[in-house]
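> I'd like to ask some things about the structure below.
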Amino acid sequence: MKLSSLKYLKGSSIVEVLIALAIICFCASLASVIYLNIQKSSLPFFKMKAVEVAEYYMKETLDKRSFFEETYKAEEFSVKKTLADSENFPDCINLRIIVFDNSKRKLYEMETLVYKGND
């Protein structure tokens, strides 16, 4: 084999490889920070949807005057309606709507005082 027929390959030095690795790590950490910020920003929209669901069930309960304790499944939420007698007003009840997510974490709670009347 002749020496002139061998091709010399030029490789990267260790310094160049370390610089490239540092740039890649920086880009990866920046991407993960951006991803986490996007995840956090979607949470308020989820809570806003929970408020809408609570307001819907509160309005429905007051319109139909269905004062019974119930649990509903609404989209990705679980809605629990509870009733309790008012301590200060014997002819009123406390109506509470609580919205949970799929992991049973409370997202929103709404409460109002309702006059029972002569039903």
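> Can you compute the label reach from Lys47? Point 7 Å from Cα along the Cβ direction, backbone N cut-off under 19 Å, restricted to the range 87-119.
97-111
> With labels modelled as points extended 7 Å from the Cα through the Cβ direction, what inter-label distance (nm, one decimal) is found for Asp85 paired with Met110?
Distance between label points: 2.7 nm.
> Applying the Karplus parametrisation 6.51 cos²θ - 1.76 cosθ + 1.60 with θ = phi - 60° to the phi angles of the range 73-86, what ³J(HN,Hα) value in whole Hz is obtained for each residue in order, glycine and proline being reported as x?
10, 10, 6, 9, 10, 10, 10, 10, 10, 10, 10, 8, 5, 6
> Measuring from the lowest to the highest alpha carbon on each principal axis, how far does the chain reach, largest first, in angstroms?
Taking max minus min along each principal axis of the Cα atoms, the chain gives 110, 27, 18 Å.
> What do you get for the angle between helix 14-64 and the principal long axis of the chain? Use alpha-carbon atoms, 0 to 90 degrees, nearest ten.
So the inclination is approximately 10 degrees.
Taken together, the values in this text are just the output of simple stated rules run on the coordinates, not laboratory data. Fair warning: this is a prediction, and the values are worked out from it, not measured in the lab. Neighbour counts run over all protein chains shown; Cβ positions are idealised from the backbone, glycine included.
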